[in-house]
Amino acid sequence: MSERLASAFAKGHPALVCFLTAGDGDTAANLDALVAGGADVIELGMPFTDPMADGSAIQNANIRSLAKGTRTANILEMAAQFRIRHSEVPLVLMGYANPMIRRGPEWFASAAHEAGVDGVICVDIPPEEDEALGPALRAKGIAPIRLATPTTDAKRLPRVLEGSSGFLYYVSVAGITGKQQAAQASIEDAVARLKSATDLPVAVGFGVRTPEQAGAIARVADGVVVGSALVELVAEHGEAAPEHLRTLTASLAQAVHAARKV
Amino acid sequence: MTETPNSFRAQPDEAGHFGEYGGRYVAETLMPLVLDLEREYRAAQADPAFREQFDDLLEHYVGRPSPLYFAERLTEALGGAQVWFKRDELNHTGAHKINNCIGQILLAIRMGKTRIIAETGAGQHGVATATVCARFGLPCTIYMGATDVVRQQPNVFRMKLLGAEVVPVTSGAATLKDAMNEGMRDWVANVHDTFYIIGTAAGPHPYPEMVRDFQSIIGREAREQMQGRVGRLPDLLVACIGGGSNALGLFHPFLDDRDVKMLGVEAAGHGLDGTEHAASLLGGSPGVLHGNRTYLLQDEDGQITEGHSISAGLDYPGIGPEHAWLKDSGRVEYTAVTDDEALQAFQLLCRTEGIIPALEPSHAIAAVQKRAKDMPKDSIILANLCGRGDKDIFTVAEKLGVEI
């Protein structure tokens, strides 16, 4: 599958995964700031009118982006331009099923492949509905990245892992993005459980906001995902966001990278 | 057009698919719950005690069976087919919604859930949910678009009287679909103790099947009543469609009666040629929203567009997946009726039959009007009068330019 994704988790330290919503603010400048700050993987959110799994920060980012007229073609162009500027940094598209499958899964997989996308996280396509997008992604060498949650029990886990690649995204709280953070102990238990079931890197997200939290999680996980805290900086600072994004990303990266050697 | 199946009543398949529609397009956090719900529903279906309690509540609390009524003066006025109504507006709380709420709350109790959530548009499902929660002593949170909260004040007050917490949803367009998004967000964060009572035959499997089954009491009664009163089945069934639960409730028991034709009536709002309508089947295209694949109002990028209808209960940009399948299979015909046509039919029923219908079934009545006159006088149309109009008198007054 994606060599860029595999390399990002083989740097000798845990990976920092950073999320921003496409088309919210100056996406190119904001993504460059994340890379400059030390992000190892970029998740580019595809805005949707009905982001059912997101809290207010990312909901509002979706609304801002769509209100500015962001279209699917623009998002793919942002990805393609990012790939030209950063040949080594993996880029993952994250979003909801309907915008991804609107023109057919094969169309989306081809377009994402051409734009240099390494993986896709689709929030509302569980393994049970894999046919809707998974085969098309795999045919193009794009990693379908699945989510595991506190409600994914041991019996169900193999189903989640089957056909997924890139990394496993552990949603540490049963809830929506940007809200409460899970207790460190529960994260440690969950990551240990997941790692005993798969060789895929395990990245932990939902509710991670500070370098302290990120560093603590990186002591056990292969990656830490930060989204809402970054998206809020875009909302707050607008054109001046890149500077703030770079600062926060740098402190997150330092904490995550220094957490342990792997 | 798909191949004609042996039975139209055998859907969905084990994975909850109605042909290419339906399914379980939910976040992983909800997936184990949705599977659990399906297991519990199957167990309840096999348990005679569950059925008995459901039937008992429908009879003594809801007031079923609802009457089957021959609308003599409307029939005369239209000058064609006999028009009959299934009077589900006479149910407790004034609409068909309560049938489903009784079934789902019994299931919630069976599953040991201690908190109920629901979404509502016009407020009818919210009122029905608040009603069953009061009846069984469970706390209840109703999500309602902030725009709808303003438009439907009487129902908001009803829900509060019944002890429900009504949460105005300001995200997105602040209407029914956003209320449903917020319901999903609550559910995903409270999976351990919360049961989500979805109000229409949509959402992830098993909801579309389950809601249809609970609402099928409408068609089962109607079938028996029709046989008893006229000794035969009707020629045409008519029902309005928002999410589609009252229509499926009426249609489903008749689906394999090949001589019974069926007409589902969507809301054409200001007309199907523009964007101001809520006709997902006639003016939309297949996509994925709120847990299922079905026809949606959407743009070329898959962004969901807002529906419009004079009736807040039909104002939803999707439709139950079984209707999507029934449309493609050709078993049910679908049409649409504008705001103005519905408003005129509303007044016609008031004056010919002394029944004030809700604006939702007024769409069905408008479609009956168009069809009846071209049908022979010995033919029979049965329409579902799925809600009463008390809630709509302010909207109607405003449209007619009358100050109350």
- Counting Lys +1, Arg +1, Asp -1, Glu -1, what net charge surrounds residue A:216 among other residues with beta carbon under 15 Å of its beta carbon? -1
- Calculate, for residue A:210 and residue A:11, the FRET efficiency according to 1/(1 + (r/R0)^6) with r their C-beta to C-beta distance and R0 22 Å; round to the nearest 0.05. 0.50
- Under a point spin-label approximation (7 Å from Cα along Cα-to-Cβ), what is the residue B:394-residue B:333 distance to one decimal in nm? 3.8 nm
- Note on the structure: Here FRET efficiency (C-beta to C-beta, residue A:258 to residue A:153, R₀ 45 Å, nearest 0.05) is 0.85
- Task: For residue B:47 and residue B:377, calculate 0.36 nm times their separation in residues minus their Cα-Cα distance, and state this gained length in nm to one decimal.
- Result: 114.3 nm
- Evaluate the Kirkwood expression for the hydrodynamic radius of segment A:3-261, namely the inverse of the mean inverse distance over all pairs of different C-alpha atoms, and round to one decimal in Å. 17.9 Å
- Going by a ≥ b ≥ c, the root eigenvalues of the Cα gyration tensor, does chain B fall in the rounded group (a/c under 1.5), the prolate group (a/b larger than b/c) or the oblate group? rounded
- Note on the structure: Of the listed pairs B:86/B:327; B:113/B:391; A:11/A:195; A:68/B:177, those with alpha carbons more than 25 Å apart are B:113/B:391
- Of the accessible area of chain B, computed with a 1.4 Å probe and all protein chains kept, carbon and sulfur make up a percent value of 50 percent
- Query: Which one of A:159, A:146, A:246 has the biggest mean-square fluctuation once chain A is modelled by GNM with Cα springs under 10 Å?
  - Reply: A:159
- Message: Among B:161, B:112, B:145, whose Cα projects farthest towards the positive end of the dipole of segment B:85-178, with charges put on the beta-carbon of Lys, Arg (+1) and Asp, Glu (-1)?
- Response: B:112
- Using Cα positions and a limit of under 16 Å, work out the aspartates and glutamates in reach of residue A:155, with same-chain residues fewer than 8 apart set aside. A:128, B:28, B:36
- Query: Among B:203, B:243, B:172, which one moves the most in a GNM of chain B with springs linking Cα atoms closer than 10 Å?
  - Reply: B:172
- For chain B, cysteines with no other Cys Cβ under 4.7 Å from their own Cβ are listed as B:101, B:240, B:350, B:386
- Item | Full-extension gain in nm, residue B:150 to residue B:351, via 0.36 nm per residue minus C-alpha separation | 69.4 nm
- Message: Students often forget the sequence filter, so: which aspartates and glutamates lie under 12 Å Cα-Cα from residue B:370 once same-chain residues fewer than 8 apart are removed?
- Response: B:341
- Query: For the residue pair residue A:131 and residue A:74, what label-to-label distance in nm results when each label sits 7 Å from Cα along the Cα-to-beta-carbon direction?
  - Reply: 3.5 nm
- Query: Which value, in Å², gives the accessible area per residue of chain A when a 1.4 Å probe is used on the protein heavy atoms?
  - Reply: 36 Å²
- With each label point set 7 Å from Cα along the Cα-Cβ vector, what nm distance links residue A:107 and residue A:188? 5.0 nm
- Relative contact order (percent, whole number), chain A, Cα cutoff 8 Å, 6+ residue spacing: 27 percent
- Note on the structure: Asked for the total accessible area buried by B and A (1.4 Å probe, Å², nearest 100), one would answer 3000 Å²
- Item | Mean residue ellipticity (222 nm) of chain B, computed from DSSP H runs ≥ 4 via -39,500 (n - 2.57), nearest 500 | -12500 deg cm²/dmol
- Name the residues of segment B:286-303, by number, that are at least 50 Å² less accessible with every protein chain in place than in the isolated chain; the surface is that of heavy atoms, probe 1.4 Å, without ligands or nucleic acids. B:288, B:300, B:301, B:303
- Message: What FRET efficiency comes out for residue B:7 versus residue B:344 if R0 is 41 angstrom and r is the Cβ-Cβ distance? Round to the nearest 0.05.
- Response: 0.60
- Query: Tell me, what is the 1.4 Å probe accessible area of residue B:157, in Å² to the nearest 10?
  - Reply: 120 Å²
- Net charge near residue A:83 (other residues with Cβ under 12 Å of its Cβ; Lys, Arg +1; Asp, Glu -1) is -2
- Query: Sorted by accessible area with a 1.4 angstrom probe, largest first, how do A:107, B:84 fall?
  - Reply: A:107, B:84
- Message: Around residue A:151, under 11 Å between beta carbons, what's the net of Lys plus Arg minus Asp minus Glu among the other residues?
- Response: -2
- Under DSSP loop assignment and at most 13 Cβ neighbours within 10 Å, longest GluC sites (Glu not before Pro)-free interval of chain B: B:15-299
- Message: Of all beta bridges DSSP finds with both residues in segment A:3-261, what is the antiparallel percent, to the nearest 5?
- Response: 0 percent
- Message: Counting only protein heavy atoms and a 1.4 Å probe, tell me what percentage of chain A's accessible area is made up of carbon and sulfur.
- Response: 52 percent
- Per residue, what accessible area does segment B:268-404 have, given a 1.4 Å probe and all protein chains present, in Å²? 35 Å²
- Message: Under 10 Å, Cα contacts only: if you run a Gaussian network model on chain A, which one of A:119, A:175, A:25 comes out with the highest mean-square fluctuation?
- Response: A:175
- Check each of the trypsin sites (Lys or Arg not before Pro) in segment A:35-105 and keep only those in coil by DSSP with at most 12 other C-beta atoms within 10 angstrom; list them in order. A:68
- Message: Checking understanding here: applying a Kyte-Doolittle mean of at least 0.0 and a length along the axis of at least 18 Å (C-alpha), which whole DSSP H helices in chain A pass?
- Response: A:72-85, A:241-258
- So, relative contact order of segment A:153-210 in percent, Cα under 8 Å, 6 or more apart, is 48 percent
- Query: Put simply, what bits of segment A:172-186 lose 20 Å² or more of accessible area when the other protein chains are there, versus the chain on its own (1.4 Å probe)?
  - Reply: A:174, A:175, A:176
- Task: Loop sites only, by DSSP: take the trypsin sites (Lys or Arg not before Pro) in chain B that have at most 16 other C-beta atoms within 10 Å and name the longest stretch containing none of them.
- Result: B:10-231
- Message: Just want to confirm a number: the relative contact order over segment B:99-228, from Cα pairs under 8 angstrom separated by 6+ residues, in percent.
- Response: 29 percent
- Message: A drop of at least 50 square angstrom in accessible area, chain alone versus all protein chains together, probe 1.4 Å. Which residues of segment B:185-201 meet that?
- Response: B:185
- Accessible area expressed per residue, segment B:1-133, with surrounding protein chains retained (probe 1.4 Å, Å²): 38 Å²
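The values are calculated or read from the model by the stated rules, or taken from the named source; none is laboratory data. Quantities reported herein were computed from a predicted structural model and do not represent experimental measurements. All Cβ positions, glycine included, derive from the backbone under ideal geometry; neighbour counts span all protein chains shown. Accessible surface areas use protein heavy atoms only, side chains included; no ligands, DNA or RNA. Shrake-Rupley method; radii C 1.70, N 1.55, O 1.52, S 1.80 Å.
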